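*Asks:* Dropping the structure in here first, questions after.
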Amino acid sequence: MTSAKKVLLINTHLTYPNWSEGLLNDSFNQKAKDFFIEKGFEVLETKVENGYDANEEVEKHIEADIIILQTPINWFGAPWIYKKYVDEVFNSGLQSAKFLSGDGRTRDDLTKQYGTGGKMEGKKFMVCATWNAPKASFGDPSQTLFEGRSTADVLIQITSNYRFCGVEIVQDYNCFDIFKDGDIAGDLKNYPNHLQEAFDID
Amino acid sequence: MKYKIFPTLIILLLVFSVKINAQTTLIEFSKKKTVLLINAHLTYPGLSEGKLNNAFHAKAKEFFLSQNFNVLETKIEDSYHVDEEVEKHLKADIVVLQTPVNWENTPWIYKKYVDEVFTSAMKSQKFLSGDGRSETNPSKEYGTGGKMQGKLFLLSATWNAPEESFNNAKQPLWKGKSADDALFNIGANYSFIGYTVLPGYFCYDVFHNTHIKEDLENYPKYLKKVFGL
């Protein structure tokens, strides 16, 4: 008898009244929640905007097998409340040595293995992001802004923290061009398929 | 004695006022350039007091003053006024961000600064007129709606990560990415509004303190080269 697997769903939408109320990010978060409950997971949740306790968040991360960040893209990153969350939670996990034991380097050779001191091996992390940017602006060297970069390249600012702690990074899921020509309904509909494939769940 | 000091003082004053006048004329003639120096360090008492970032910031300030720039400064931790920050960006020809790397990016107070300042300037259309896409071809030219063309942005960052962890596909964390790739999101905001983003200046492995002194010494040379001064 194995105990139920756990997923931590972090929603880091920041409300801008009458402009960005968070309905879209709530919808994706809910889709993920429904999917994992259906698959027999225990679901832990954090809505960053509603407040949190850094030490509790560390414990949730330790309990969870899978962590998913639901975020809007504000100025090419998560809203600032998310970086505050990361600085607080990861600092706590660093100081208590619960997330990592160090940066992985040995005294003999300070040039090697930087980023292998994590204690979170076996866990998986995924970002689900909503963008104003259109899909066509990624992966195309002729595009002015991203110059051929992928969404994963732009989201490295977020995923690298998890990799630093030993967590495996899973292919991100993105809803593009949400103010103009995006296919929001289609992206919501396909989200469970992506989760099933990305996490290799039956 | 008193009688001797008095004339000397008068002569000194005269000399100085002539000098000041000459300088002012020169400045007006060459349209003095402006640089905005932003310091995003966040203090963690006993762990990170900000001395290293202050040292780089001071080096940059000294350099730009020696090049006869008008220097504007913002220390985010000491608070700021959003509208004033927008105006400082409009005035400045060059923006230099000095930041420590905390959890693979800037301290959170910097992202708060960006969300507030850039959102304000987007709504007032002072930094950009839109995302650059046209109605006729919405898949093209995303990120070309900026109004800040001709301005330059430079990032100067201090890392715990060693230099060897970058640009090497065998390294476990960055897997071949550069330090500029890791911090791409910061420059992207400036590109999006029309700036030219220059390759960053990086001081690595700061807790082992093997080349901080050289990195500080070489910083003005880098500034001179990268800005073509």
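The values are calculated or read from the model by the stated rules, or taken from the named source; none is laboratory data. Computed from a predicted structure; not experimentally measured. Neighbour counts run over all protein chains shown; Cβ positions are idealised from the backbone, glycine included.
*Asks:* In the range A:12-29, what residues are hydrophobic (A, V, I, L, M, F, W, C) and either in contact with a Pro (Cβ under 7 Å, 6 or more places away or on another chain) or at pLDDT 95 or above (or both)?
*Replies:* Result: A:14, A:23, A:24, A:28.
*Asks:* Something else now. Within the range A:29-85, count every residue that is polar (S, T, N, Q), in a helix (DSSP H, G or I) and buried (at least 16 other Cβ atoms within 10 Å of the Cβ).
*Replies:* The first filter runs over the range A:29-85 and keeps only residues polar (S, T, N, Q), leaving A:29-30, A:46, A:50, A:55, A:70-71, A:74.
Checking the rest, the ones that are also in a helix (DSSP H, G or I) come to A:29-30, A:50, A:55.
Those left that are additionally buried (at least 16 other Cβ atoms within 10 Å of the Cβ): A:29.
Residues in the range A:29-85 being polar (S, T, N, Q), in a helix (DSSP H, G or I) and buried (at least 16 other Cβ atoms within 10 Å of the Cβ): 1 in total.
*Asks:* Looking at A:187, A:153, which is the one that is over 22 Å from residue A:85 (Cα atoms), among the charged types (D, E, K, R), out of contact with any Ser or Thr (no Cβ under 8 Å at 6 or more places or on another chain) and modelled with pLDDT of 95 or more?
*Replies:* A:187
*Asks:* Return the pairs, sorted by first residue and then second, in which the second residue is part of a loop (DSSP other than H, G, I, E, B) and hydrophobic (A, V, I, L, M, F, W, C), the first residue lies in the range B:181-205 and is under 25 Å from residue B:160 (Cβ atoms), the beta carbons are less than 6 Å apart, and the residues are 6+ apart or on different chains.
*Replies:* Close Cβ pairs (under 6 Å, with a partner that is part of a loop (DSSP other than H, G, I, E, B) and hydrophobic (A, V, I, L, M, F, W, C)) amount to B:185/A:76; B:188/A:76; B:189/A:75; B:189/A:76; B:204/B:159.
*Asks:* Looking at the range B:185-227, which of its residues are within 11 Å of chain A (Cβ to nearest Cβ), of a type in the set (Val, Ile, Thr) and not in a helix (DSSP H, G or I)?
*Replies:* If the condition is that a residue be within 11 Å of chain A (Cβ to nearest Cβ), of a type in the set (Val, Ile, Thr) and not in a helix (DSSP H, G or I), then B:193, B:197, B:210 are the ones that fit.
*Asks:* Has the range B:111-123 got at least one residue that is in a strand (DSSP E or B), under 20 Å from residue B:183 (Cα atoms) and not aliphatic (A, V, I, L, M)?
*Replies:* no
Each row is one residue, and each column tells you yes or no for (1) more than 16 Å from the chain's Cα centre (by Cα); (2) surrounded by fewer than 16 Cβ atoms within 10 Å (Cβ to Cβ).
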site	(1), (2)
B:81	yes, yes
B:86	no, no
B:89	no, no
B:93	no, no
B:97	no, no
B:104	yes, no
B:107	no, no
B:112	yes, no
B:117	no, no
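*Asks:* If you don't mind, another one. Considering only residues of the range A:86-110 that are at the interface with chain B (Cβ under 7 Å from one of its Cβ atoms) and at pLDDT below 95, which is surrounded by the most Cβ atoms within 10 Å (Cβ to Cβ)?
*Replies:* Among those residues, the one meeting the criterion is A:103.
*Asks:* Let me ask something else. Name the residue, out of A:159, A:151, A:144, that is among the polar types (S, T, N, Q) and more than 10 Å from chain B (Cβ to nearest Cβ).
*Replies:* Working: A:159 fails: more than 10 Å from chain B (Cβ to nearest Cβ); A:144 fails: more than 10 Å from chain B (Cβ to nearest Cβ).
The conditions single out A:151.
*Asks:* Give the number of residues within the range A:130-141 that are within 12 Å of chain B (Cβ to nearest Cβ) and within 22 Å of residue A:23 (Cβ to Cβ).
*Replies:* Within the range A:130-141, the first condition is being within 12 Å of chain B (Cβ to nearest Cβ), and the residues that meet it are A:131-138, A:140.
Filter once more, so that each one left must be within 22 Å of residue A:23 (Cβ to Cβ): A:131-135.
So the answer is 5.
*Asks:* Taking the range B:140-184 as the region of interest, how many residues are acidic (Asp, Glu), outside any loop (DSSP other than H, G, I, E, B) and at the interface with chain A (Cβ under 9 Å from one of its Cβ atoms)?
*Replies:* So the count comes out to 3.
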